[in-house]
Structure formats: C-alpha cells, structure tokens
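The structure appears right after this line, and notes come after that.
No lab work stands behind these numbers, since they all come straight from the coordinates. Treat the numbers as computed from the prediction; the structure is a model and nothing was measured. Here the Cβ positions follow ideal geometry from the backbone for every residue, glycine too, while neighbour counts run over all protein chains shown.
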Amino acid sequence: MTIGSSKKRQRVLPTSTSTPSSSSSTISSATTPTTTATTTTTTTKPLFNDRNSGDVAIRLFFELSPFDSSPTPIPPFTPTSTNENNSIFENGIQTQIYLHSHVLHRSKYFSALLSDRWQTQTQTQTQSQSQSQNQTQKPLKLNLGIPPTPTSLQSYRTVLQLLYTPDLSNSIDSVSTALDLLPIALELLFEDLVKSCVTYLESVPWTEAEEQRVLSIVPFLKQDESQELLSRLSPSATESDASEEMLHSLVSSAINTYPNMAFVKAFVAKLLRDYSSRESAKRVLEAEFEKCIGVVKESLEDYSSPDFRGDHNETEAIQRLNLHKAMTNGKHLLWLIERMIELRVADFAVKAWSEQASFTADLQRAFRDDAWRNIVPGLPAVVLRCTSKLANAVAAGTILATKQVRKKLVKEWLPVLIVCKDNVSPMSPSNKSLYLELEETFLRIISTLPMSDSQELLQQCLSFSTRNVDDCPHLLTAFNTWFRRAARPPQTDDLC
C-alpha cells in the first residue's frame with residue numbers, strides 16, 4: 001500500500017462552491033436518488049455491506065497506472081455474481097460494497113462527495129436518463145479506484161468497514177496493519193482512523209523495513225500528527241550533533257566506566273567500524289586520545305618529580321596511585337590508537353605522539369628507577385605498544401606522515417626503547433618480540449629520511465646489535481643501505 005499515487009486526496013474539506021472531482025471516484029450516471037431520501041425511522045444499527053439497507057454501493061476496482069505500457073481495460077460496472085459477503089466480483093479485479101450514507105459522512109472525502117450541491121449537480125447532469133428509469137429508490141453508485149497490489153482490496157475493505165466502528169482504539173493490532181490502513185485513511189480523509197494509526201505507530205517498535213514505510217508516509221501527515229514520529233526518526237534542529245554526542249559517550253563509557261571493559265570495548269569498536277560518518281568518529285577518537293594522553297603524561301610527571309614534603313608512606317601511596325593511573329590510561333590509549341589506525345584517522349595521533357619530548361624524558365627517568373617493577377611491571381610494554389602501532393602505520397603507509405613528523409617520532413621514542421631494553425629484566429619472550437618489531441619499524445622509517453637525518457639516527461641504533469651479529473640482520477640491512485646510498489655521486493643543482 002503506497003501513498004504516493006496520483007489519486008491522493010487533499011486533506012481539506014471542499015467549500016460549498018467547489019465540486020469534488022476524481023477519475024477514480026465518481027458517482028455513477030445511472031443513479032438518481034439523493035442521500036436525504038434514505039432517512040429511516042428505525043434505530044437499528046447499520047451493518048457493513050448490508051445489501052438490503054445500504055443506500056450507497058461503492059465499486060472498488062484496480063486502477064492501473066497511466067504509465068503502464070499495456071494497461072488492462074477495467075470492465076464495466078455490471079455485477080454478475082454474489083459471494084457470501086454480499087460482494088460482487090468481476091474477473092477478480094473489482095468488488096462492490098453496500099454502505100450507508102450517514103456512516104460515510106465520517107470520511108470527509110465521502111462527506112464532500114455526498115454533499116447536497118454535488119448531488120444536485122449530478123442529478124441535473126443525468127436528468128434525461130433518470131426520467132426513463134424506474135422510480136423506485138436504488139443505491140447511489142460510486143466508483144473508487146485502488147492500486148493493483150495484492151493487499152489493496154482487503155485494506156480498502158477494512159477501512160470502509162472501520163467507518164462502522166465508533167471506537168477505533170483497539171482496531172489496530174500490528175505495525176503492518178497500521179501502515180496498510182494509514183495511507184487509505186489519509187486518502188479518504190478518515191481523521192479518526194488516521195489518529196488511531198499514528199497513535200499506534202508512536203507507541204510500538206518498528207523493523208528497519210517498517211521504518212522506511214513510516215518515512216514515506218510522514219510527509220503526508222499534518223505537523224501535529226507527524227511530530228512524535230519525526231522526533232523518533234531523526235534529531236531535531238537543536239540536536240544536530242546528537243549522533244556525535246552519543247558516540248562520544250559510548251567511547252568514554254567503554255574506556256572509563258564498565259568493570260568488564262573487554263566486551264564493551266569490542267562492542268563499541270564494532271559500532272565505530274559501522275559508523276557512517278568517518279569525520280565524526282575521527283573527532284570523537286581524537287578528543288578521547290587527547291584526554292587519555294594528558295592523564296598519562298600528568299601521572300608520569302608527578303611520579304618523576306614527587307613532592308617529598310609529606311609523610312614518607314603518604315608519598316609512596318601517591319606514587320603508586322600515579323603509576324596505576326598511568327597504566328590504566330595507557331591501556332585506554334592503546335585501544336584508542338588501534339581504533340584510529342583501523343579507521344585510518346590516526347594522523348593527529350602520530351603527530352601528537354612525535355611531539356612528546358617532556359613525556360619521553362619522564363618515561364626514561366621512571367624506567368631507570370626500580371620502583372615501578374613491583375607496581376606496574378607491564379607499563380613499559382603498554383607504552384611501547386602504543387609507539388609500535390603508530391610507527392608501523394607510518395612505515396606501512398597507512399598514515400602518510402611528513403618528513404618532520406617521521407624524524408621526530410623516531411628521535412623522541414628511540415631513547416625510550418633503548419632504556420626499556422637496558423632496564424627491563426628478565427626480558428620475556430613477548431617483550432623481546434615487541435622490542436625487535438619496534439627496532440625494525442624505526443629502521444624502516446629512518447630509511448625514508450634524508451641522508452643527514454638518517455646518519456644521525458642510525459648511530460643511536462647501535463644498541464640494537466647483539467653478541468651474535470647474525471641475530472640483528474635488520475640493523476645490518478639498514479647500515480648497508482645507508483652506505484650504498486652514501487657511495488653514490490652527490491647530486492648537483494644543475495641537472496642539464
């Protein structure tokens with residue numbers, strides 16, 4: 001059932017000087033009686049589709065689109081057979097229903113169609129035929145075209161039948177029913193049914209397919225009818241950043257709130273991957289990155305430069321707290337970096353990581369001290385994993401960093417790697433693998449720098465060598481590459 005057909009009725013009751021007109025809803029020219037003649041003295045409740053008492057016969061027929069290349073002609077209104085519901089069918093594409101004019105007035109569309117002025121005009125136009133017909137009263141015949149869809153006939157019948165139901169509050173029992181009936185109620189200006197359908201849709205959940213149908217119907221509703229539906233379908237003008245605010249809250253909660261953070265982080269990571277706006281995700285991750293790195297830096301700074309004016313035990317407790325805070329936020333930082341690299345929005349993180357001279361100095365002082373070993377033994381690995389993730393992304397070309405950023409990234413973090421190698425013992429297999437990976441990555445980045453810069457940095461990499469020269473092929477390759485390049489004749493400015 002679609003509402004975007006060419007026969008959509010305007011939801012404005014015509015004035016007394018206007019004449020309703022529609023190619024799909026017309027009064028039969030063979031009809032002469034007026035609705036005023038149907039007044040009865042009985043109080044019997046009218047029944048839907050009662051052929052004996054109905055004073056209006058509505059013919060429903062499939063109205064094909066004018067754009068159909070081979071339209072099927074609609075048969076004339078000549079009823080030939082009656083089914084058990086007293087409805088007339090012709091070739092399976094039309095049906096006749098008997099209704100009562102005073103009930104039809106509940107629909108503003110039919111109310112206009114049955115108005116005295118329209119009836120008078122119709123009788124004047126058909127006076128010559130009326131005089132030759134039997135003077136006994138016959139039902140007023142109306143034609144109503146409906147879309148040729150599998151469910152349209154039953155949906156139109158249902159709407160017409162609901163005209164006989166005073167209280168419609170319990171008439172809608174599913175979203176699909178409301179969506180099938182609402183376009184017809186809008187078309188026939190059946191305001192009570194429109195209200196019931198909208199109220200039901202406001203109160204229940206929808207599937208994605210149903211939501212698309214709601215979106216297609218909303219433009220045809222009045223402002224007061226669509227307000228609640230629209231507030232559910234999209235943010236208001238004052239909530240234009242609602243989506244980004246929600247994403248920011250989710251990321252913040254994932255890394256700060258829940259005790260079982262692994263599952264929550266995995267779920268939020270999935271949301272970030274599926275999120276439609278890459279720029280919004282980038283802004284959210286960058287904001288959280290700045291916050292986390294700020295906490296880690298502040299904690300390490302406080303640890304490296306403690307205030308000894310207080311009690312010794314109090315100072316020690318504060319130092320422990322600083323290290324734990326740095327460790328916790330370091331893990332959050334690693335997760336954020338992984339998400340930024342995954343979404344290819346880590347440019348800001350790489351640049352910021354390369355500008356941490358004071359932070360790396362604090363790390364070196366902290367790792368030369370033995371106090372951290374029994375408090376946060378995993379802190380060096382967390383910090384170096386952050387460095388390794390970003391450096392690998394640069395070396396792989398996932399992040400296109402400038403020459404200055406590449407140089408500073410190695411220059412600032414190479415000393416931290418060296419201090420960790422010299423002071424973290426015994427070296428676990430995982431740490432050994434991490435150090436080797438970061439060494440190789442730094443050497444690859446150094447190979448992208450100008451000869452003078454690579455010469456300066458390579459000399460600081462001699463600590464990568466081991467007792468067995470064969471164990472450090474990455475270092476040999478880096479130096480051999482540099483010497484091979486250095487052996488080439490110098491370039492001249494004049495290439496002509």
| query | What does the highest-first list of 281-292, 167-178 look like by mean Cβ count within 10 Å? | reply | 281-292, 167-178
| Hey, which lysines would be in cross-link range of residue 195, C-alpha to C-alpha under 25 Å, not counting anything within fewer than 8 residues on its own chain? | 7, 8, 45, 108, 222
| task | Find how much the distance from residue 203 to residue 252 grows on full extension, using 0.36 nm per residue of separation minus their present alpha carbon separation; answer in nm with one decimal. | result | 14.5 nm
| request: Taking 7 Å along the Cα-to-C-beta vector as the label spot, tell me the residue 280-residue 455 distance in nanometres, rounded to one decimal. | output: 5.2 nm
| request: Sticking with the crude label model, points 7 Å out along Cα→Cβ, report the distance from residue 262 to residue 223 in nm, one decimal please. | output: 5.5 nm
| field | Space enclosed by the convex hull of the alpha-carbon atoms of segment 187-285, per residue, Å³ | value | 137 Å³
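Which net charge results for the neighbourhood of residue 169, defined as the other residues with beta-carbon distances under 13 angstrom from its beta-carbon, given Lys and Arg at +1 and Asp and Glu at -1?
Overall, the nearby charge balance is -2.
Any chance you could run the full-extension gain for residue 231 through residue 291? It's 0.36 nm times the residue separation minus the Cα-Cα distance, nm to one decimal. Walk me through the numbers before you get to the answer.
Values: separation 60, 0.36 × 60 = 21.60 nm, distance 3.27 nm.
Stretched fully, the residue 231-residue 291 segment lengthens by 18.3 nm.
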| field | Sorted peptide list for 98-104, 217-223, criterion being average Cβ within 10 angstrom, highest first | value | 98-104, 217-223
| message | Can you tally the net charge around residue 57? Count Lys and Arg as +1, Asp and Glu as -1, for every other residue whose Cβ sits under 10 Å from the Cβ of residue 57. | response | +3
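Assuming a ≥ b ≥ c are the square roots of the Cα gyration tensor eigenvalues, decide whether segment 413-454 counts as rounded (a/c under 1.5), prolate (otherwise, with a/b larger than b/c) or oblate.
oblate
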| Simple spin-label estimate for residue 402 and residue 491 in nanometres, 7 Å along Cα-Cβ | 2.0 nm
| task | Of the listed pairs 282/389; 291/421; 270/291, which have alpha-carbon separations greater than 26 Å here? | result | 291/421
| said: Given a Förster distance of 25 Å, report the FRET efficiency between residue 373 and residue 298 from their Cβ-Cβ distance, rounded to the nearest 0.05. | reply: 0.70
